[in-house]
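First the structure, in the form of structure tokens, and then the observations on it.
The values are calculated or read from the model by the stated rules, or taken from the named source; none is laboratory data. Please read these numbers as outputs of a predicted model, since none were measured by experiment. We place every Cβ from the backbone using ideal geometry, glycine too, and count neighbours over all the protein chains shown. Each accessible area value is taken on the protein alone, full model and side chains, heavy atoms only, with ligands, DNA and RNA left out. Shrake-Rupley method; radii C 1.70, N 1.55, O 1.52, S 1.80 Å.
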Amino acid sequence: MKAKLEVKNVYKVFLSRNKETPALSDMSFSIREKEFVSVVGPSGCGKTTLINLVAGFYAPTKGEILLNDKRIMYPGADRGVVFQKYTSFPWLTVLDNIKFGLKIINFPHKEREKIAKEYVKIVGLNGFENEYPKNLSGGMQQRVALARTLATNPDILLMDEPFGALDTQTRRFMQDLLLQIWKKTRKTILFVTHDVDEALFMADKVLVMSTRPGHIKDIVDVGLERPRNLKIEFSNKYIKLKEHIQKIITKESLKSLNEPIPETIKQLYQ
Amino acid sequence: MHRHRKLHLYFEKERKTRFILFGILGFVILVAIWSLITYTGLVKPLFLPTPTAVLEGTIDLFVNQNFMNDIIASIYRIFAGFVIAAVIAIPLGIVIGISKTSEAFVGPVVSFVRYMPAAAFIPLAILWLGIGDVEKMFIIFIGTFPYLTLLVADVVMNVDRNHINVARSFGAKNKTIIKEVVIPSSLPGIWDSLRIMAGIGWTYIIVAELVAASSGIGHVIIEAQRYLLTSNIITGLIVIGILGLITDLIFRYSYKRFFPYSIKGKIL
Ligand SMILES: Nc1ncnc2c1ncn2[C@@H]1O[C@H](COP(=O)(O)OP(=O)(O)OP(=O)(O)O)[C@@H](O)[C@H]1O
Ligand SMILES: [Mg+2]
């Protein structure tokens, strides 16, 4: 199948106060249409940088990123971004928050309301249309963010640890919701997380990143049956995959550790 | 659920009552100390008259000396001077807050003017604008405008980067980002800056009415100083305090009305 998103030999170096920080170094991978791809890696390895590059917030230092064979130059509504931080606008009600993207892309006034209401239903915020974000829990805030992003019908969803700040139970609900939405809309999804379980549970493919400067260390085909349920986390296949990924991440994390390797980790992974 | 709400409202009410009670208590203590040191003769009436004397003086001011006109004159000057300051400072502050170039361009000038005492402008103001109301408004303007500009710029600079990134992710251009994110996000902070500077505006009324004024609270206070009418000085100060307090309350109340979504509140 044809590649939807292609990241080709991408480098990103940040310049700040005469200091160069290489964040990504020769990163390459591609995602197919309708694929759900997770990205995991040690902390600070450049995951957010990757999302920001694909979102078009800044350009790669070297290399290129293609979406539908077209080079990404600027941000655009063909990509929908969901951030880790709660980003609903406090001065807008839930419904107006969801309409925000539609307003930015100059969608016909009349249909905004209809579409927004549709997504209120899809993300399960019925009855909260007129609440302000300050009255919402973290999970509900992320539902708003998800609906706001989906409403403009982007080609691909870019999600940067969207559930990272939620408690385990809420996170489970949100994962389930996202999988349902994915099944219904069949969007291509690039999903960054630091949680190996989350990566495996959600994705068709897991990209494992090296320590900073980040590049792809391994690409793991998950191949677990769908629809997923929590039982798969106890299957042999799942446990094998998890161990494999965890080993790479731990090894990579240790590379940037300035202290002696903790004893527990030594025994398990060295 | 219903009961809970009622209970909640009850506590909310009690909290408010307690707040008002404490507020009153503060004044009661102040007046008590004042009474203690004056009625006992500890302090001479020339330096600090008794509360009763001040009360009699106040009634005299209102009834026989048209004090109300002075109050209205001062309100008018403060209001006009401050509105002009706000009308220029808000857009200017937004521009400074948004763009580095304009900050480099205007920022230092504004900061420079900020350190000049408003009183020092009186001779210039009289030279340029004469001795009428406009000159007094100008002093209020000079006293509030630079600070207000810098406060607004600071509010704008603190707009959540994530909110801007959300707008950018939908492909919004700078103009749209300013209109849809920067301004709505800054409004509560700008309103608060107005509240703070309006309060400070009241402290400039004496400076504004120091020279060549024939009316105004400041004028009454300066006259009182000349004739050693200590009681009138105190009345003037109390009235300025009350007007400042009312200004503050209006801003606070309208803040709640305009920005019901704000999470701003007391920490404890
Ligand atoms: N705008 C920037 N300017 C300078 N350095 C940056 C910038 N953005 C990121 N970096 C640096 O690039 C590296 C990668 O950052 P990034 O946020 O992409 O990592 P991450 O994998 O998302 O981290 P985390 O696990 O904390 O989410 C870090 O060392 C970071 O300090
Ligand atoms: Mg990150």
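The stretch B:177-262 holds helices (runs of 4 or more DSSP H) entirely within its bounds, and those carrying 2 or more residues that are at pLDDT 90 or above, farther than 30 Å from B:Ser99 by Cα and open to solvent by 20 Å² or more (accessible area, probe 1.4 Å) map to B:217-226, B:230-258.
Listed here are the residues, each with its yes/no results for (1) within 23 Å of the chain's Cα centre (by Cα); (2) hydroxyl-bearing (Ser, Thr, Tyr).
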residue	(1), (2)
B:Glu135	yes, no
B:Asp154	yes, no
B:Ala167	no, no
B:Glu180	no, no
B:Asp192	yes, no
B:Arg195	yes, no
B:Ile200	yes, no
B:Tyr204	yes, yes
B:Gly218	yes, no
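So which residues in the stretch B:120-176 are surrounded by fewer than 20 Cβ atoms within 10 Å (Cβ to Cβ) and in contact with a Pro (Cβ under 7 Å, 6 or more places away or on another chain)? Within the stretch B:120-176, B:Gly171 is the sole residue that qualifies. Of all residues in the stretch A:76-102, those satisfying the criterion of being open to solvent by 30 Å² or more (accessible area, probe 1.4 Å) and facing chain B (nearest Cβ under 7 Å) are A:Lys85, A:Pro90, A:Trp91.
If you take the residues in the stretch A:117-137 that are assigned to a helix (DSSP H, G or I) and away from chain B (no Cβ under 14 Å), which one is most open to solvent (accessible area, probe 1.4 Å)? Out of the qualifying residues, it is A:Lys121.
Can you find a residue in the stretch A:22-33 that is within 14 Å of ligand 1 (Cβ to nearest atom) and on the phi > 0 side of the Ramachandran plot? Within the stretch A:22-33 (the criterion being within 14 Å of ligand 1 (Cβ to nearest atom) and on the phi > 0 side of the Ramachandran plot), the answer is no, since none of the residues qualifies.
Of all residues assigned to the stretch A:80-95, at least one qualifies as being part of a helix (DSSP H, G or I), on the phi < 0 side of the Ramachandran plot and either away from ligand 2 (no atom under 16 Å from the Cβ) or without any contact (Cβ under 8 Å) to a residue 12 or more places away in the chain (or both).
Entry remark, the stretch A:1-51: residues being aromatic (Phe, Trp, Tyr) and touching a Lys or Arg at 6+ places or on another chain (Cβ under 6 Å) number 1 in total. Exactly one residue out of A:Pro260, A:Pro227 is assigned to a loop (DSSP other than H, G, I, E, B) and under 24 Å from A:Ile122 (Cβ atoms), and it is A:Pro227.
Can you say whether B:Ala224 is touching a residue at least 24 places away in the same chain (Cβ under 8 Å) and over 27 Å from A:Phe83 (Cβ atoms), as far as the supplied structure shows? It is false that B:Ala224 is touching a residue at least 24 places away in the same chain (Cβ under 8 Å) and over 27 Å from A:Phe83 (Cβ atoms).
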